[in-house]
Each structure stands twice: as C-alpha cells, then as structure tokens.
Amino acid sequence: MSSLATETCAPLAVLGHDVQVPLAGGGKVGYAALDYAASSPALQRVWDDVAAYAPYYGSVHRGAGYLSQLSTDLFEQSRLTVEEFLDLREGDQVVFTRATTDSLNLLAAAVPAGTRVFAFETEHHASLLPWAHAGLSVTYLRAPRSHAEAVAALDAALAAAPEGPRLLCVTGASNVTGELWPVADLTATAHRHGARVVLDAAQLVPHHRVSVAELDVDWIAFSGHKIYAPFGAGVLAGRADWLDAAEPYLAGGGATRTVARETDGSVAVEWRTGPARHEAGSPNVIGAYAIASACRALSEAGFDALEAREQALIARLKAGLAEIPQVRVLSLFGPVSARVGVLSFVVQGWNSSHFSAALSAEYGIGVRDGLFCAHPLVRTLLNDEAPAVVSTCGAPDPSLPGERSLNAIRVSFGAGTPDEHIDRFLTAVRELVTDGAAWNYRNEDGRCVADTRR
C-alpha cells in the first residue's frame, strides 16, 4: 500500500522505537508496539524533559531550599499546563492522581450521599466499578448500537430516576473498539435532567484535542501512561464544589491546613480546599511534569496533523483486515463509525491467545488479547451467550467453522507508530490465517507461548 497519505506527518519520536526482540526461529527484529491502548511508549520529548529535571528533584510544598522551591514551581506549573491543554472553565481545578482508575475512585468517594450513578455496561471497569464499590446506587444501561440509541436510553433512564443528585460516567473512546461516543449529546441530555457528567478520557486525550469547555462535561479523567508519560500519574479535572465538600480522599500531610490537640485528647483537623485537599502525601512531581510535557508535545505537534495521520493508518488497517474473510472486527456502532487508533477482532478457528502469541513469537509484534478490563462489552460483542468450541494452544482447526474465541485480539497505535508496523501486522495476520503458525505453542501459566524446547 502507498504511504503517500501519511508521509506529510512523521510519527513522533518515542522510546523503544529501535528495540530489537528475539524471534522463536532465531534472530531478532525491531519491536512493533501495537498495544498503545494499554500503555503508550514514552515520548522522547517527555523522557528528555524528565531527565533534565531529575537532578533538581526536591520535595514539593515542603522545603525552603532552592530545589524544593523549584520542584514546587514545576509541579504547580504542570497543573496550569494541564488546565490549558484541557481548556478548562474558570473555577475548574486539576487534581493529580495515580491514573484514571484512581481519579474515578476519588470522584466516587467525593460525590454527595444519595447520588445515583448511570453508566453504560460498555464502560471499562475503571468507569464501571468504583460507584457501587463506594456504596452508591448505580443504573447500568444496556449496550447501545448507535449514538442515537445511547442518547435515548440515557434520556429515558434519567426521566424515570428519582429526584436527587445524579451522575453519568461515560467514555470518550472505547478501549475495546476505539469508537467515539457522542459525549456532547449525552452531556446535554444529562444536564437537561439536572445530572452531572464525568468523562473517562483515557483513550481520547492521546488521540484528539479535548475541550472541557466545549463538551461541557463536569469532570474529566485520564492517565499519564496512556498519553506517552508512563511515570505513575493521572488527572481528575473539573468542578470544585463536590470535591471541596467531600472528605479528603487520603488523610495526611499536604491535605491539612491545621491539626491541633483538643483538651479531651482528640485531634481537630481543618482540611484544605482546592486540589491539595485530595493530594495528601508527597506528590508525584515527576509524573505530573511528564504529563505536562506530553500535553505540550502533542499541542505543539498539532492535533489536526496527528489526527489526520492516525485516520490514514486506521483506514489502512481496516482495509487490510477487510481483505481477510476469517477476520471479524468488533464494533458497537457499525463499520463506518468514527474511531481512534484502537481496533479489536477475532479470527475464525483461532484462540485469540494463540494468535497473539504467534504475532509476538514469529513477527515481533506486540498486541493484547483478552477482555480488556471491559468484560460485559467484549462478551456482548462476541455474542457470549452462543455455544463455543475453543482451542487452547494447538494448531487451528478449520474443520470447526463454529469455533470462536472467548476473548479477542486488540491492536492499538498512536502518534509514535510508523507505517511499517501496520504493514507488518497485516502481513502477519494474512500469513497466519493462510499458512498457520510456524511453531507449536504450549500453555504456560495461562498464556500461550512458543514451544522452543528441544
């Protein structure tokens, strides 16, 4: 296939682009990282920024020395960079967390008592589970098959819900199919019923410009390790009122304004308001700075150019897979639905773990197989209620046309993906489907691995 569609925008430099990995048959090949949806590689720019700061690392909000003051300034400037990147409204705040999961658990602990939460069963577990875990009442909405159906289902559910505080949690882009959700329409519907909205943007912010002001969501959550900054930090950003009214997420230093002994021996605490209220302990300044660096790098590269290149790669991938009859691409909203660089599929006659292991062992391609921490969605897409015959780590049996996998294969990519990785992936899929795996595979601790024992 021609690379003319993507030659005007080169992939961004990422760590690991020159890593060589061993093949089962001997020799090595450059690693094709196609598992960005799990964790994207670090941008070279992010790594360089972190390395330049590292000698100056110091405690944040704690010390009078130069390094402490510099680190504090860097931490707070990183907060401002994220605010600008997300186009927050006046009065919104940025809380640094550990990841999207941490962000949504923080919000679940902060919403007013009696809040009813609404979530589609298609959500990632990080969006699906924290609410009930925090003791909140949750209404799970069935998987919609169109944007209009999603909006109508939410409208009906909110109209039937009792009065009181209500919250919709919705993804921006599916971590399984990559499909974009109608966030603005869902938010308008929620607000019309007096409900608030938190956007799980873990799979959205690495691929698209996101404006909180334009979408009008109340909160947004994402992870550094999805946005080319894998240093253990995440973000929860948005309205301050519920967060300031809630008990601190963690009790400890930094979250307190004053702590005093009472005459009866107890301890009286006055908690801070603002982001510090939920950032107890020594903050992850390197993680926060890495996220800010990634935000700057993506903004400077230009989302229009990045999105155009990614859409060309998506088209290339979809066209190549469409030429292989044994491959079925998973989709909620149909084959022409808009998506980011995330796509899941199954291959007739193959167990997905076996197929993914062969991609790695024989071609040096890293993808993910499984249910992708979105079990209800993947099972819906795989029609899990139907009978299944599943091979484990043996050769596929084409005589079993009804054979299917109980999980799926996911290929995902982004701003650092070269064209060659997509082309190599398509070649590998064709060869495996046509010729089968060159090696035998065995089960090792629940995973398929090439059996290279002699």
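Nothing in this text is a laboratory measurement; each read-out follows from the coordinates by a stated rule. Just so it is clear, the model here is predicted, and its values are computed rather than measured. Positions of Cβ are generated from backbone atoms using ideal geometry, with glycine treated the same way; all protein chains shown enter the neighbour counts.
A compact table of results
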quantity	calculated
0 to 90° range, to nearest 10: angle between helix 147-160 axis and the chain longest Cα axis	40 degrees
For the chain, calculated [θ]222 nm from helices alone, where every DSSP H run of n ≥ 4 adds -39500 (n - 2.57)	-10500 deg cm²/dmol
Cα gyration tensor, the stretch 142-290 - rounded (a/c under 1.5), prolate or oblate	oblate
Placed amide H near Tyr441: partners under 5 Å, 5+ positions off or other chain	Asp451
C-alpha long axis of helix 352-363 to longest principal axis of the chain, angle in °	80 degrees
Residues Val235, Val347, sorted so that the one with the fewest Cβ neighbours within 10 Å comes first	Val347, Val235
Length added when fully stretched, Arg453-Ala161, from 0.36 nm per residue minus Cα-Cα	99.1 nm
Reduced Cα scattering model of the stretch 46-300, Debye log10 I(q)/I(0), q = 0.07, 0.09, 0.15, 0.16 Å⁻¹	-0.25, -0.41, -1.05, -1.16
Neighbour-count ranking [beta-carbon atoms within 10 angstrom, fewest first] of Tyr31, Tyr228	Tyr31, Tyr228
Ranked list, fewest to most other Cβ atoms within 10 Å of each Cβ, for Ile220, Ile314, Ile291, Ile422	Ile314, Ile422, Ile220, Ile291
Simple Cβ-charge dipole of the stretch 46-300, Lys/Arg +1 and Asp/Glu -1, about Cα centre, in debye nearest 20	360 debye
Vicinal HN-Hα couplings computed from phi for the stretch 104-121 (Karplus, 6.51 cos²θ - 1.76 cosθ + 1.60; Hz; Gly/Pro x)	6, 5, 4, 5, 4, 6, 9, 5, x, 4, x, 5, 9, 9, 10, 8, 6, 5
